[in-house]
């Protein structure tokens, strides 16, 4: 039996009302997403505008070019740098400031007096020779990223053990989604990674660390299935330096481990 004109109109009205309800739902979802995006933008606007990434146009070829690139990226305190030590008997390792008076009799009183408190400090400054020796595996050098004015040239996030591959990938994707270009490096142990952000100008360490914390939080918010348990810490590992001694270094500082021996052992 054919529908009457009235029934046809009621059917059309019902269809339009259903469509309107669908559009209302879609509008609600869009408004919710807009609020989230504006909140993210507001968080980014609180960060200093000079945070950026410097990417070389061409890969370096000569030793001089490689050293220059390395020093341009892994910048920190220039008047002092740490080197890695290892005690085979106790199976311990760490980093300490490189000093020309180290273990000199009647001068160096380690471990009774810490390097930062020693009155006979003779710290060796960063040099091209030191960087080349590091890259060629003659020693393992680090970097004190926190400058004397509490600024830094880079930020690094350390991921260790657990599901670090998935955590690092999610962290990298989150960073790239807001316009950052992180560099991912396999850690010395081979069971973790460091995610680096290099700045075109030194920025306040507190702002750099706020950026890192924001990225970790947003990664967890977007990827609920990940616990991010492999995330360990940020470098610099402090906002400010409360005293004049070298700061910003930890026993497992990622302070520039790109050199021959670990790179070979990881492959």
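Taking only the range 128-146 into account, find how many residues are surrounded by fewer than 20 Cβ atoms within 10 Å (Cβ to Cβ) and either free of Cβ contacts under 8 Å to residues at least 24 places away in the same chain or within 20 Å of residue 240 (Cβ to Cβ) (or both). Walk me through how you get there before you give the answer.
Applying the first criterion (surrounded by fewer than 20 Cβ atoms within 10 Å (Cβ to Cβ)) to the range 128-146 yields 128-130, 132-133, 135-139.
Still in the running and either free of Cβ contacts under 8 Å to residues at least 24 places away in the same chain or within 20 Å of residue 240 (Cβ to Cβ) (or both): 129, 133, 138.
Going through the range 128-146 one residue at a time, the tally reaches 3.
Does residue 126 count as in contact with a strand residue (DSSP E or B) (Cβ under 9 Å, 6 or more places away or on another chain), modelled with pLDDT of 90 or more and part of a loop (DSSP other than H, G, I, E, B)? Give the derivation first.
Values: in contact with a strand residue (DSSP E or B) (Cβ under 9 Å, 6 or more places away or on another chain): yes; modelled with pLDDT of 90 or more: yes; part of a loop (DSSP other than H, G, I, E, B): yes.
When the stated conditions are applied, residue 126 passes them.
Given the residues 98, 83, 92, which is the only one that is surrounded by fewer than 12 Cβ atoms within 10 Å (Cβ to Cβ), within 26 Å of residue 189 (Cα to Cα) and under 28 Å from the mean Cα position of the chain (by Cα)? Quick ask: steps written out before the conclusion?
Working: 98 fails: surrounded by fewer than 12 Cβ atoms within 10 Å (Cβ to Cβ); 83 fails: surrounded by fewer than 12 Cβ atoms within 10 Å (Cβ to Cβ).
None of the other options fit; the residue is 92.
Can you pull out the residues in the range 173-193 that are part of a helix (DSSP H, G or I) and buried (at least 20 other Cβ atoms within 10 Å of the Cβ)? First the steps, then the outcome.
Here is the first cut: in the range 173-193, the ones part of a helix (DSSP H, G or I) are 173-177.
Of everything in the range 173-193, those that are part of a helix (DSSP H, G or I) and buried (at least 20 other Cβ atoms within 10 Å of the Cβ) turn out to be 174, 175.
Residues of the range 218-239 being under 13 Å from residue 172 (Cα atoms) and free of Cβ contacts under 8 Å to residues at least 40 places away in the same chain, which ones?
220
Exactly one condition in (1) surrounded by 14 or more Cβ atoms within 10 Å (Cβ to Cβ); (2) under 18 Å from residue 84 (Cα atoms) is not met by residue 125; state its number.
Against the list (1) surrounded by 14 or more Cβ atoms within 10 Å (Cβ to Cβ); (2) under 18 Å from residue 84 (Cα atoms), residue 125 comes up short only on (1).
Among the numbered criteria (1) on the phi > 0 side of the Ramachandran plot; (2) under 29 Å from the mean Cα position of the chain (by Cα), which single criterion is violated by residue 106?
Going through (1) on the phi > 0 side of the Ramachandran plot; (2) under 29 Å from the mean Cα position of the chain (by Cα) one by one, residue 106 breaks only (2).
Out of all the residues in the range 51-67, is one or more surrounded by 15 or more Cβ atoms within 10 Å (Cβ to Cβ) and out of contact with any strand residue (DSSP E or B) (no Cβ under 7 Å at 6 or more places or on another chain)?
Yes, because at least one residue in the range 51-67 is surrounded by 15 or more Cβ atoms within 10 Å (Cβ to Cβ) and out of contact with any strand residue (DSSP E or B) (no Cβ under 7 Å at 6 or more places or on another chain).
For the range 194-229, give me each residue that is in a loop (DSSP other than H, G, I, E, B) and under 14 Å from residue 157 (Cα atoms). Talk me through it step by step, then tell me what you get.
Within the range 194-229, the subset in a loop (DSSP other than H, G, I, E, B) is 223-229.
Those that are in a loop (DSSP other than H, G, I, E, B) and under 14 Å from residue 157 (Cα atoms): 228, 229.
Can you find a residue in the range 162-172 that is part of a strand (DSSP E or B), at pLDDT 90 or above, over 23 Å from residue 62 (Cα atoms) and touching a strand residue (DSSP E or B) at 6+ places or on another chain (Cβ under 6 Å)? Let's see the steps before the verdict.
The first filter runs over the range 162-172 and keeps only residues part of a strand (DSSP E or B), leaving none.
No, the range 162-172 contains no residue that is part of a strand (DSSP E or B), at pLDDT 90 or above, over 23 Å from residue 62 (Cα atoms) and touching a strand residue (DSSP E or B) at 6+ places or on another chain (Cβ under 6 Å).
The values are calculated or read from the model by the stated rules, or taken from the named source; none is laboratory data. This structure is a prediction, so every number in the text was calculated from the model and none was measured. Positions of Cβ are generated from backbone atoms using ideal geometry, with glycine treated the same way; all protein chains shown enter the neighbour counts.
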